[in-house]
1. As an exercise: evaluate residue 154 against (1) in contact (Cβ under 8 Å) with a residue 60 or more places away in the chain; (2) surrounded by 22 or more Cβ atoms within 10 Å (Cβ to Cβ); (3) over 11 Å from the mean Cα position of the chain (by Cα) and give the number of the one condition it does not meet.
2. Could you tell me whether any residue of segment 241-260 is at positive phi and assigned by TED's automatic domain parsing to the domain that holds residue 168?
3. Would you check if residue 304 is within 21 Å of residue 155 (Cβ to Cβ), in the same structural domain as residue 141 (by TED's automatic domain parsing) and surrounded by 13 or more Cβ atoms within 10 Å (Cβ to Cβ)?
4. Select from segment 42-51 the residues that are surrounded by fewer than 16 Cβ atoms within 10 Å (Cβ to Cβ) and at pLDDT 95 or above and list them in ascending order.
5. Take the conditions farther than 30 Å from residue 283 by Cα and at pLDDT 95 or above and apply them to residue 86. Does it pass?
6. State yes or no: is residue 225 closer than 30 Å to residue 98 by Cβ, at pLDDT 90 or above and loosely packed, with under 14 Cβ neighbours inside 10 Å?
7. If residue 267 satisfies all but one of (1) more than 29 Å from residue 66 (Cβ to Cβ); (2) loosely packed, with under 13 Cβ neighbours inside 10 Å, what's the number of the condition it fails?
8. What tally of residues in segment 189-215 results from selecting those that are outside any helix (DSSP H, G or I) and closer than 16 Å to residue 303 by Cβ?
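The values are calculated or read from the model by the stated rules, or taken from the named source; none is laboratory data. Bear in mind that the values here come from a model prediction, so they are computed numbers and not experimental data. We place every Cβ from the backbone using ideal geometry, glycine too, and count neighbours over all the protein chains shown.
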């Protein structure tokens, strides 16, 4: 099966949950094996420790442990729930397995998130930890750490007719004098407690074992399938009650630091990738406005944040808005 993810054509050996197949013309950029590790692609090889997450489970285990083959050909990522991935060093092949207590849908949440984020880094493509929506003919990125409200804000934009490019990872590619934001996948992942704030009824579970909900963007035409020039980045700050939501410009020198901090998987020990992150952050800060957005503490005020972003972006682009 052939799919489109993060600007890459991806072949899989079985159907991928939540994605629609595309025409398999030409060679794929990435090949995935779901539920098996082909020995011909990932032969047995000695491995050396490479990374262990400082985040711990309730049993004090690292949430992620990664090793690298001593010949440098592939990486082996093991999550605390027993899901494992092999990723070749060129970012062109991925294989995954999972324990009997989990499902393909559970593995797919990693594949669409951290594993594709890792593949992008291996391929030399910097990414923001952000959601992105289309406003007019440009992409607006809403950047922030886990739990800051990126997906909720993107869902609020979708509810008012703005197409969504990405939920959690926004790959950035330099093109002439602009930076292009690549589309990710056609759904949003939302915690059930934010649904009332969005005026939404209940949504189906993302996986049988996880409480996050699934909003299908393709079904109602709310997914933007083509890359767009990046028009602005809004950095989500801490929630407040007084004078919120509010927007404040970030000086370019500070914006570079904030964008580097907001790089997806920038904590991995890869000096070359970090250099690319810095170069892209400098380019973004030089070419588009970077704005600190302080949301209101009441999630029901997310619409006011969208209003503020739309008005601010219209002012910065001379009112160019579809």
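1. (1)
2. Our first condition is that a residue be at positive phi; within segment 241-260, this holds for 243.
Okay, now just the ones that are also assigned by TED's automatic domain parsing to the domain that holds residue 168, so 243.
The answer is yes; a qualifying residue exists.
3. Numbers: within 21 Å of residue 155 (Cβ to Cβ): yes; in the same structural domain as residue 141 (by TED's automatic domain parsing): yes; surrounded by 13 or more Cβ atoms within 10 Å (Cβ to Cβ): yes.
Yes: the conditions hold for residue 304.
4. In the first step, residues of segment 42-51 are kept if they are surrounded by fewer than 16 Cβ atoms within 10 Å (Cβ to Cβ); the result is 43-49.
Selection gives 46, 47, 48, 49.
5. Values: farther than 30 Å from residue 283 by Cα: yes; at pLDDT 95 or above: yes.
Considered against the rule, which asks whether it is farther than 30 Å from residue 283 by Cα and at pLDDT 95 or above, residue 86 comes out as yes.
6. Numbers: closer than 30 Å to residue 98 by Cβ: yes; at pLDDT 90 or above: yes; loosely packed, with under 14 Cβ neighbours inside 10 Å: yes.
Criteria met by residue 225.
7. Among (1) more than 29 Å from residue 66 (Cβ to Cβ); (2) loosely packed, with under 13 Cβ neighbours inside 10 Å, the lone unmet condition for residue 267 is (1).
8. If we filter segment 189-215 for residues that are outside any helix (DSSP H, G or I), which is where we start, we get 189-191, 195, 199-215.
Now drop any that are not closer than 16 Å to residue 303 by Cβ, which leaves 190, 195, 199-200.
The number of residues fulfilling the criteria is 4.
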